[in-house]
1. Ordered by residue, what ³J(HN,Hα) values in Hz, to whole numbers, does the range 269-278 give under the Karplus form 6.51 cos²θ - 1.76 cosθ + 1.60, where θ = phi - 60° and Gly and Pro are x?
2. For the range 244-259, what does the Karplus curve 6.51 cos²θ - 1.76 cosθ + 1.60, with θ = phi - 60°, yield as ³J(HN,Hα) per residue in whole Hz, taken in order and with x for Gly and Pro?
3. Going out from 0 in 5 Å bins, what whole percent of all Cα-Cα distances in the range 173-332 drops into each bin?
4. Tabulate in residue order the Karplus-calculated ³J(HN,Hα) for the range 106-121, using 6.51 cos²θ - 1.76 cosθ + 1.60 with θ = phi - 60°, rounded to whole Hz; enter x for Gly and Pro.
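Quick note: the coordinates plus some simple rules give every number you see, no bench work behind them. Because the structure is a prediction, the values reported are computed rather than measured.
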Amino acid sequence: MTRGYATYGDDPDFEAEYADYAEPADDTRRDLDELFAAVDGLRTAVQDVDARDAGLRQEFADLADRVGPGAPQEHRIDQLGRQLERLQQQVQALERAVRVSDGVPQANLDDVGAETRALAAQAARWDDLHKELVTKEQRARHEQEIARLGDVREAGARCDADLLDVIRRLATTDRGSRARGDAESSLRALSTRRRTLLDEEIPAAFDAAEQARLALREADAVDARVVPQLERAERAWQDLQVRLRTRITDALGSNALLPMWFSHALGVAPPSGTSGDAWIRTAASVLAYRVTFGIKDPALPLGPPSTDGADTTERRWTWRARLESDLDELSR
């Protein structure tokens, strides 16, 4: 065994049994030796960076005991931690190449089966269904139209009360007095106001309130039809996420190789620490995107980008933009 891999080159029994056969191609052997050397070199680099990281952390701890925490030193430690993780990912990628050359089976995450694809199709209906619902803002406007009719009717009632008060003052004041003149002016203004209310404002408010009531009844009917479908779509999405997360974690725990698109976008293993949960959520969402839109590209996790004439407000492209942002966040 060399570097953890079987070579058979130093096995006397092997040489005796296969002495009559031609030697394997030198190119293949040389390529494998180069891969082994690269893996060994990266392992050494990882160990060096790990040692430097441990030393800096101890140095930082000693410094913190004396003068308190220091942001620049902490930033250097974070940078070295990220460098260490990237080197570890490179080691894993080279090990993957060696395992491929040894014929290790590869995991096909995209081959999810008909039942999971049906869940994805059910979950994909959520956006279109949600667009059918009347929004809270629209409902609030309808309710305001209904309330306005009450306000206009109250204004009419106040106008009638003021008219009665003016008529009483006219009945109790002398014809030539100043108070009677004021009452007559008020009478003309109130009469005009009452006519406007009766002929224009109250009828318009009544029609608007009737239209608002009709719209709310239609919205209630849409809710009764759509909300159960939305709930089914939400349950389908949750079930889909559980299935895909399980599929990914099972693949990580097996000896199978992850697809190239997965390794390119997410690496070959989740990061350490609290970011691991965000990593698996993003991984499951990327796989859900591929299943939903039937993406089979072996290298691009989200398939080819949108064309110039594509409507980027469509769900496919808005979802893609969110996933691209999530992947960028994970790579920082």
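1. 7, x, x, 7, x, 6, 6, x, 5, 5
2. Once θ is set to phi - 60°, the couplings for the range 244-259 become 6, 4, 5, 4, 5, 5, 5, 5, 5, x, 9, 8, 6, 7, 6, x Hz.
3. Reading the bins upward from 0: 1, 7, 10, 12, 11, 8, 6, 5, 4, 4, 4, 4, 4, 4, 4, 3, 3, 2, 2, 1, 0, 0.
4. So the J values, rounded to whole Hz, are 10, 7, 9, 5, 6, 7, 9, x, 5, 5, 5, 5, 5, 4, 5, 5.
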